[in-house]
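These notes concern the structure reproduced below.
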Amino acid sequence: MSRIWGYTGKTGPEFWETLCEEFYTAAQFPWQSPISLYYEETQPLHETIEFRYGPQGFYVKRVNDTLHFEPANTVSFTDFAGDRYYLTDIHFHMPSEHMIAEEQMPLEFHLVHKNQEGKPLVCAVLFTLEKNSSNRCNNKSIELKNNETEKQLLDPMIFLPAKSGYFHYEGSLTTPPTEGPVQWFVFDQKGVMSRFFIERFKTSLSLNNRPLQEKKQRSIYYKE
Ligand SMILES: [Zn+2]
């Protein structure tokens, strides 16, 4: 049973670890997410993450003020460091949780993956909002329906910037239970969403970003 948690008041981020034993235990993982990323702090990443995504069906679900797009099957996965991680969920945060060079963006998408042991790998893509723009990343248009009754067809590749560098570090989930380790990949090329996208989803969604966490002693990598 997951406890009720949120982003404001008595169930807000600063109280998550007091809400139940499970959340408390998860919060003891020392390297929490999100964090603020700086190029100067990174070391080169020698391994590459490979994406094997394909067009597939997604279900739309609403959990704790966040819309989730859940793959209907295991068509899409990624390979990193000799391990395979299957795409399990796509959702977004407003405003962005990670910061790059002290910049916060209005929107951050998370593509959540898990390997066979259930270990998570999350890819984060930050988006700007433009007034009269189409939704696009990588010159591909993004169409999302806020419709919980219908399965929708999407190629998750549309969320990934094609020629982007990315940060890589070890952190935690940014929603309770905030357990780790999570392999994080944060892309530095941004996508673009129209304000209309936000308006369409915002009616029932409020801000849902966890505040920045302490970096402590950890290595942060960057791949150009
Ligand atoms: Zn997230």
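Here, each number is a calculation from the coordinates, and none is a lab measurement. Computed from a prediction, not measured in an experiment: that's the story for all the values here. No Cβ is skipped: glycine too gets one built from the backbone with ideal geometry, and neighbour counts run over all protein chains shown.
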In the calculated pair distance distribution of region 9-223, what percentage of Cα-Cα distances lie above 26 Å? 32
Charge dipole magnitude, Cβ of K and R +1, D and E -1 - the chain, Cα centre, debye nearest 20: 600
Computed over the chain, the relative contact order (Cα-Cα under 8 Å, seq sep at least six) in percent reads 27
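Need one word for region 14-125: rounded, prolate or oblate. Basis is the Cα gyration tensor (sqrt eigenvalues a ≥ b ≥ c); a/c below 1.5 gives rounded, then a/b vs b/c decides.
Values: a/c = 1.38, a/b = 1.10, b/c = 1.25.
The shape class here is rounded.
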With each label point set 7 Å from Cα along the Cα-Cβ vector, what nm distance links Arg3 and Ala81? 3.0
7 Å from Cα along Cα→Cβ at both Leu212 and Lys151: what's the point-to-point distance in nm? 4.3
Of all DSSP beta bridges having both residues in the chain, the percent classed as antiparallel (nearest 5) is 80
Among Thr128, Gln43, Gly180, flag the residue with its Cα farthest along the positive direction of the charge dipole of the chain, charges on Cβ as +1 for Lys/Arg and -1 for Asp/Glu. Thr128
Total formal charge among the other residues, if their Cβ is under 10 angstrom from that of Ser172, Lys/Arg +1 and Asp/Glu -1: -1
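How much net charge surrounds Pro13 when only the other residues with a Cβ under 12 Å from the Cβ of Pro13 are counted, with Lys and Arg +1 and Asp and Glu -1? Write out the running numbers ahead of the final one.
Numbers: positive: Lys10, Arg210; negative: Glu14, Glu17, Glu97.
Charge balance in the 12 Å sphere: -1.
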Take Glu50 and Ala101, extend 7 Å from each Cα along the Cα→Cβ direction, and tell me the distance between the two endpoints in nm. 3.1
